[in-house]
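For reference, the structure is listed below as structure tokens.
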Amino acid sequence: MIKFNKETRLQLLEIYKNKHISLEGNILKIIDYDQEDVDFNKYLDESKAEDRDSRRKRLDITKQIQVQNNELKEAEKKNKQLMVDLQVALDEAKRAKDAAVEDLDTLQKRTQFELMGMIVKVALIVIIGVGSVTTVMYLLALINHWDTKLLETTWSNMFGILLTNSFSIIGTIMGVKYATEKKDDKK
């Protein structure tokens with residue numbers, strides 16, 4: 001046990017009175033004091049009460065911090081799981097986008113191919129039709145012994161124009177196809 005002399009007790013009381021600073025902790029349990037010193041007894045009782053309150057507050061704060069730490073750990077686990085889920089969803093969205101782009105590209109190529117086929121068919125029908133009509137007219141003129149000078153040059157020019165146009169159409173289609181293929185390869 002610790003026993004304070006009168007001067008030390010007075011200093012402790014003065015410090016408490018002026019600055020409201022008192023002893024605290026386990027030292028309060030081992031102080032030996034004179035029961036007749038009422039002021040010092042009151043000081044020790046108040047110091048013990050303040051120490052109990054202080055310890056209780058610190059314990060409450062410690063418990064609160066532990067609860068908050070546990071909540072933060074749970075929140076961190078949830079955040080990590082959300083990040084994993086978001087990454088999975090992002091990967092799925094990228095795959096879906098890639099599939100959609102590929103489907104669109106295939107659809108565009110098929111549409112272009114069908115359009116080119118339609119253009120070629122119409123061009124061939126026009127070429128064959130005009131060529132057939134002109135040839136039939138020329139043959140009729142030859143059979144009936146009509147004057148064919150004008151018809152000969154017309155027939156000759158018509159076939160030249162038809163051949164030139166057919167090669168021009170085919171060349172344009174092939175050029176578009178070639179340009180489209182090169183554009184796709186650069187992607």
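The values are calculated or read from the model by the stated rules, or taken from the named source; none is laboratory data. Note that the structure is a prediction, hence the values are computed from the model and not measured. Neighbour counts run over all protein chains shown; Cβ positions are idealised from the backbone, glycine included.
Summary table
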read-out: So Thr172, is it β-branched (Val, Ile, Thr), under 18 Å from Val133 (Cα atoms) and at pLDDT 75 or above; value: no
read-out: Residue within the range 63-81 that is among the small types (Gly, Ala, Ser), modelled with pLDDT of 90 or more and within 60 Å of the chain's Cα centre (by Cα) present; value: yes
read-out: Selection count, the range 15-41, where residues are farther than 19 Å from Met1 by Cα and either among the basic types (Lys, Arg) or in contact with a Phe, Trp or Tyr (Cβ under 8 Å, 6 or more places away or on another chain) (or both); value: 3
read-out: Of all residues making up the range 116-152, the number that are part of a helix (DSSP H, G or I), surrounded by fewer than 11 Cβ atoms within 10 Å (Cβ to Cβ) and modelled with pLDDT under 80; value: 2
read-out: The listed residue being loosely packed, with under 13 Cβ neighbours inside 10 Å and in contact with a helix residue (DSSP H, G or I) (Cβ under 8 Å, 6 or more places away or on another chain), out of Asp98, Asp105; value: Asp105
read-out: Filter result (surrounded by 10 or more Cβ atoms within 10 Å (Cβ to Cβ) and of a type in the set (S, T, N, Q)) within the range 26-41; value: Asn41
read-out: Among (1) surrounded by fewer than 10 Cβ atoms within 10 Å (Cβ to Cβ); (2) not in a helix (DSSP H, G or I) - the single one Leu23 does not satisfy; value: (1)
read-out: Residue in the range 53-64 that is in a helix (DSSP H, G or I), under 30 Å from Leu13 (Cα atoms) and either touching a residue at least 60 places away in the same chain (Cβ under 8 Å) or in contact with an Asp or Glu (Cβ under 9 Å, 6 or more places away or on another chain) (or both) present; value: yes
read-out: Of residues in the range 42-57 being loosely packed, with under 12 Cβ neighbours inside 10 Å and not basic (Lys, Arg), the one nearest to Asn5 (Cα to Cα); value: Asp45
